[in-house]
Structure formats: C-alpha cells, structure tokens
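Some notes on the structure that comes next.
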Amino acid sequence: MGKLMSLVGEKVYLNPLQEGDLSTLSEYMNDEHVKLFGRNCGSAVYEKKMKEHLNDQLENEMYTIFRKDNNEIIGDISIHSIDKYNRAGSLSIMICKEENQNKGFGSEAMLLILKHAFLEINLESLQLGTWEYNLPAIKVYKKIGFKIAGRNRNRKIVGNKFYDEILMDMISEDYFNLYGNAEFKKYNLNELE
C-alpha cells in the first residue's frame, strides 16, 4: 500500500503500527473484557499474528490508536484483506482498558480510518464483524453508518453457549451520503479546468 501516514483527529491520532507497539497491545489481550469482546485468542496469538501482518503491508493497513491528551496507546485499528481489484476490505478495531471506552475514542478512530479508506485508498466496500452480545459496538457501528449485512451462526463459544457473529458493512455511497463529499471534491480534476 506504500508508506502509511498518521491520521489525526481531535481526541486520538493513528500512527502506522510499529513492531515496538506490539508488546503494549499484546499485554492488553490478557484483559478479560478484551478477550470477551475481541476477535482474537490471547496475547501470544495476537503478537504472532500482528507480526505476520506487519510483513504483509500489501493487503493490510494497520494503525496504533493513541490518545492525544497523554500519547498513551489505547488500541489498534486496521483495514485488512484489502482487495484492490474489487476495492474492498475488512475493518477491525480494539479499544483497550475500560477507562478508554465510551469516551468517543473508538468512534473518532473509525471516522478517521473510514475517511482514509474511502478517499485515499478508494475502497468501494468495507466490512466488519462483531459478536451478537456486543450491543454497544453494534450501536456505535450503526450510528457511524454501518448496516447489518448478515450473520455467521454459532461462531463463538462463551461458557457453554454459542453466539453469532454479526456482519456489517458500509459502501462508499453510504459514506458520502453521511459525511458529504467536500473532501472528495479537492481530488476532482474536472473542477480545476
């Protein structure tokens, strides 16, 4: 994908994921809240998987999420499985530590990555998945503009009960209808003539 740039908002900034960030992020994987709501298996698996993804930047754009007020790492966000031909990708986000949740950090990180995905990478479609019991995330994703596209049944077991994975997506038309195309117009060369 080329050299990744930092994405800066009011509350958070996203820096391209560096190998040095992985030790902090993988520590968060031991948190029970992250294990329950996250999409991975634990710290050792996370660190190994992320190191593999770092070597495969052609299909992945991975960022570390930092709080602007204290420069603390609070999570990660990535567009992965990027399909340049079909202009599609998958999105994942993790906000760690409960004190960083419900403060708008995740929403702002999502909006920054969506703008990047639809304006700079020129994706047509972006999808994500979460667990059916993760109602706060589903609510936030809907508020941002994602729509439920389907579900994978019985994809996660917690205790002795299976839960579905909820699949959500956003297409470029959804993004531009919600957030306008003022940013996009600066790229329209026909208007410069």
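Among the residues here, residue 138 qualifies as open to solvent by less than 30 Å² (accessible area, probe 1.4 Å), closer than 24 Å to residue 151 by Cβ and part of a helix (DSSP H, G or I).
Whether any residue in the range 111-120 is of a type outside the set (Asp, Glu), within 24 Å of residue 178 (Cβ to Cβ), touching a helix residue (DSSP H, G or I) at 6+ places or on another chain (Cβ under 8 Å) and assigned to a loop (DSSP other than H, G, I, E, B) is what I want to check. No, the conditions are met nowhere in the range 111-120.
You will find that of 98, 108, the residue that is open to solvent by 50 Å² or more (accessible area, probe 1.4 Å) and in contact (Cβ under 8 Å) with a residue 12 or more places away in the chain is 98 and no other. Look through the range 86-103, keep the residues that are at pLDDT 95 or above and assigned to a loop (DSSP other than H, G, I, E, B), and return whichever of them is nearest to residue 15 (Cα to Cα). So, considering only residues that are at pLDDT 95 or above and assigned to a loop (DSSP other than H, G, I, E, B), the one nearest to residue 15 (Cα to Cα) is 87. Summed over the range 160-176, the residues that are open to solvent by 30 Å² or more (accessible area, probe 1.4 Å) and part of a strand (DSSP E or B) give a count of 6. Would you mind finding the one in 65, 148, 157 that is under 24 Å from residue 13 (Cβ atoms) and either assigned to a strand (DSSP E or B) or more than 16 Å from the chain's Cα centre (by Cα) (or both)? That would be 65, the only listed residue that is under 24 Å from residue 13 (Cβ atoms) and either assigned to a strand (DSSP E or B) or more than 16 Å from the chain's Cα centre (by Cα) (or both). Flag not set for residue 38, criterion: modelled with pLDDT under 65 and surrounded by fewer than 12 Cβ atoms within 10 Å (Cβ to Cβ).
The values are calculated or read from the model by the stated rules, or taken from the named source; none is laboratory data. In this text, all values refer to a predicted model and were calculated from it rather than measured experimentally. Every residue, glycine among them, receives a Cβ derived from its backbone with ideal geometry; neighbour counts consider all protein chains shown. Quick note on the areas: whole protein, heavy atoms, side chains included, nothing else; ligands and nucleic acids left out. Shrake-Rupley method; radii C 1.70, N 1.55, O 1.52, S 1.80 Å.
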